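What follows is one structure encoded as structure tokens, with my remarks underneath.
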Amino acid sequence: MQPGIPSIVDLAQAKPPQSLSNFQVRFVPTPPESDGVQFVSFELSCPICLAGAFQILELSATLGPMGIVARCRQCGREEQVFNAATDGYDGSFGHLEFLKEGVSAAPLEDDTGAALEAVQVRAAFSYSIPLAELMEHAQDAHLDPQDLFDWFHLLTKTADAEGWDWVWEFECA
Ligand SMILES: [Zn+2]
């Protein structure tokens with residue numbers, strides 16, 4: 001990357017993707033681009049009480065899972081973290097309007113079928129389109145390049161766990 005030219009990481013750090021606009025977010029540094037893919041990641045806090053533990057709800061449309069909602073364990077506030085119908089590359093361009101039909105929410109379950117309880121949450125976005133090209137697409141549509149991610153990833157961590165689990169993802173492009 002040439003000096004003076006912002007990277008997708010710089011752009012997203014300065015203004016996180018719209019998808020997270022209802023949360024307090026903290027930028028989490030991620031490794032540099034590898035195999036042409038750049039990850040950008042944020043840890044979420046409740047916009048009302050600033051607590052950092054959530055219950056996770058999965059949104060599903062007729063065709064399958066397509067979104068994530070986080071419910072604050074402390075004050076009960078519910079906010080959407082990601083919705084494939086409106087977020088990411090295809091969502092931003094309106095390619096997935098059909099996913100708005102018949103949406104319902106249910107607790108996201110772990111491998112054993114138990115609902116995830118009181119987890120810290122990170123949202124990660126990945127980008128594989130070269131930034132110059134992404135900026136052209138964004139400019140034409142009056143969007144920010146950081147909103148045109150091609151994957152959304154949800155990471156969670158329970159209070160007693162040491163590491164983060166990648167629990168949910170959606171391909172947006
Ligand atoms: Zn709260």
Say whether the condition of being among the aliphatic types (A, V, I, L, M), under 15 Å from Trp168 (Cα atoms) and within 16 Å of the ligand (Cβ to nearest atom) is met by at least one residue in region 98-110.
no
Taking strands (runs of 3 or more DSSP E) that fall entirely within region 64-173, which contain at least 3 residues that are over 22 Å from Pro47 (Cβ atoms), at pLDDT 95 or above and of a type outside the set (Lys, Arg)?
165-171
Does Val81 count as without any contact (Cβ under 8 Å) to a residue 40 or more places away in the chain, within 16 Å of the ligand (Cβ to nearest atom) and closer than 17 Å to Leu155 by Cβ?
no
Of the residues in region 59-78 that are closer than 20 Å to Ala114 by Cβ and more than 16 Å from the ligand (Cβ to nearest atom), the one that is farthest from the chain's Cα centre (by Cα) is Ser60
Tally up the residues in region 48-58 that are assigned to a strand (DSSP E or B) and either of a type in the set (Gly, Ala, Ser) or within 11 Å of the ligand (Cβ to nearest atom) (or both), please.
1
Given the criterion surrounded by fewer than 18 Cβ atoms within 10 Å (Cβ to Cβ) and in contact with a helix residue (DSSP H, G or I) (Cβ under 6 Å, 6 or more places away or on another chain), identify the matching residue among Ala159, Ala173, Ala105.
Ala173
When both residues are 6+ apart or on different chains and their Cβ atoms are under 6 Å apart, which pairs have a first residue that lies in region 41-56 and is farther than 19 Å from Trp168 by Cβ, and a second that is more than 11 Å from the ligand (Cβ to nearest atom) and part of a loop (DSSP other than H, G, I, E, B)?
Pro47/Asn22
Checking Asp87 against (1) within 16 Å of the ligand (Cβ to nearest atom); (2) touching a residue at least 60 places away in the same chain (Cβ under 8 Å); (3) charged (D, E, K, R), only one condition comes out false. Which one?
(1)
Within region 69-89, work out how many residues are crowded, with 20+ Cβ neighbours inside 10 Å and under 25 Å from His142 (Cα atoms).
8
From the residues in region 11-29 that are outside any loop (DSSP other than H, G, I, E, B) and within 15 Å of the ligand (Cβ to nearest atom), which one is farthest from Glu78 (Cα to Cα)?
Val25
Subset of region 30-47 (residues that are surrounded by fewer than 14 Cβ atoms within 10 Å (Cβ to Cβ) and either within 12 Å of the ligand (Cβ to nearest atom) or modelled with pLDDT of 95 or more (or both)):
Val37
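The values are calculated or read from the model by the stated rules, or taken from the named source; none is laboratory data. Just so you know, these numbers come straight off a predicted model, no measurement behind them. Because the Cβ atoms are built from the backbone with ideal geometry, glycine has one as well, and the counts that use them run over all protein chains shown.
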